[in-house]
Amino acid sequence: MQYGAYSTDSLMTITNRPDLVFESGEGSWLTDHRGKRYLDFIQGWAVNCLGHCPPEITAALTAQAGKLLNPSPAFYNGPMVELAGLLTANSCFDRVFFANTGAEANEGAIKLARKWGQLNREGAFEIITFGHSFHGRTLATMSASGKAGWDTLFAPQVSGFPKAVYNDIASVEALIGPKTVAVMLEPVQGEGGVIPADLDFLMALRALTEQRGILLIVDEVQTGVGRTGKLFAHEHAGIAPDIMTLGKGIGGGVPLAALLAREAICCFVPGDQGGTYNGNPLMAAVGVAVVKRMLEAGFLADVAAKGQYLSQRA
């Protein structure tokens, strides 16, 4: 397809795109290069939690772009500190590592759990995950995922991710052994078909992992930041996981993700983990704007009410 002086053939093929180019968006609507408008139910693959080009994000980007773009993650910056403080103040976690994508955050969670296993469980490294799960597109996160066909797509896989049956606590218990360091799951499986974890299953999983001395990791890349009417989906079960990952909604449309953990789990030392843009102030400023909007009085209650309405009308 020709677009102005350029051709779409210059882009590497990774998906089958229709012959249109989106040029603008507002709220729930997108407009293409011919001026045709579309009601957008995709919202950037569950990313635009406040819609297209919300004023909060526009203002945050504009203001921060005139101050500081990227001082290096070797230094503190204001938005980084503020966003970390907002997240820890409104969760059960004590520390935050910022990343760019959910896959990167999940990769960090895998590293953190394995490092903790080296220090606390005689080198245990296996992380039990679930069939039909989705945790990202790096080699390790693809290996952790239970998506059909991914075990051969870029073989060999990264080892250490035995698969349990979602919502079946007995299948999890049967896989726990001396090499097990953690259990990792999505509170609602996304690509698996939008399958919620039973609240009783989440509570049983927390009790089992505590009893066996292993970690519980919740991948809230899709479910976190207001998607289920709570700030984080695991809150519906009243549990406190050891590690949580966020992505997608936390940036409201910009590349931002986060790895959160309880203090007792935070065993990285300088050099173990990093990234060129982790805690980038431009992206973190957007995250601050998004989280503050979520925390406004009545916002999450409205999300829950609309969800209930839609489920009843379906």
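Read-outs: derived from the displayed coordinates by stated rules, not from any lab. Only a predicted model underlies this, so the values are computations on that prediction, with no experimental measurement involved. Ideal geometry is used to build each Cβ from the backbone, glycine not excepted, and the neighbour counts take in all protein chains shown.
Of note:
- Extent along the principal axes, Cα only, for the stretch 55-313: 54, 51, 35 Å, with the longest axis given first.
- Contact order normalised by residue count of the chain, Cα under 8 Å, 6+ apart, percent: 23
- In the stretch 2-41, Cα pairs under 8 Å separated by at least six residues give a relative contact order of 24 percent.
- Dipole magnitude (debye, nearest 20) for the chain, charges at Cβ of Lys, Arg, Asp, Glu: 200
- Mean shadow area of the stretch 154-281, taken as a quarter of the surface of its Cα convex hull (nm²): 9.9
- Ordered by the number of other Cβ atoms lying within 10 Å of each residue's own Cβ, fewest first, 95, 17, 34 fall into the sequence 34, 17, 95.
- For the stretch 167-242: rounded, prolate or oblate by the Cα gyration tensor [a/c cutoff 1.5]: prolate
- Charged side chains reduced to their Cβ positions (Lys and Arg at +1, Asp and Glu at -1) give the stretch 2-41 a dipole of some 80 debye around its Cα centre.
- Likely footprinting exposure, 295, 260, fewest C-beta neighbours within 10 Å first: 295, 260
- Dimensionless Rg ratio for the stretch 232-314, taking C-alpha atoms and the 2.2 N^0.38 Å reference: 1.37
- Here the average projected area of the convex hull drawn through the C-alpha atoms of the stretch 2-41 stands at 3.5 nm².
- Extending 7 Å from Cα along the Cβ direction at residue 175 and again at residue 22 yields two label points whose distance is 3.4 nm.
- When the charge dipole of the chain is built from unit charges on Cβ atoms (+1 for Lys and Arg, -1 for Asp and Glu) and taken about the Cα centre, the candidate among 196, 93, 39 whose Cα reaches farthest toward its positive end is 39.
- Most to least packed among 112-122, 128-138, 241-251 [average Cβ atoms within 10 Å]: 241-251, 128-138, 112-122
- Rounded to the nearest 10 degrees, the angle from helix 78-89 to the longest Cα principal axis of the chain is 50 degrees.
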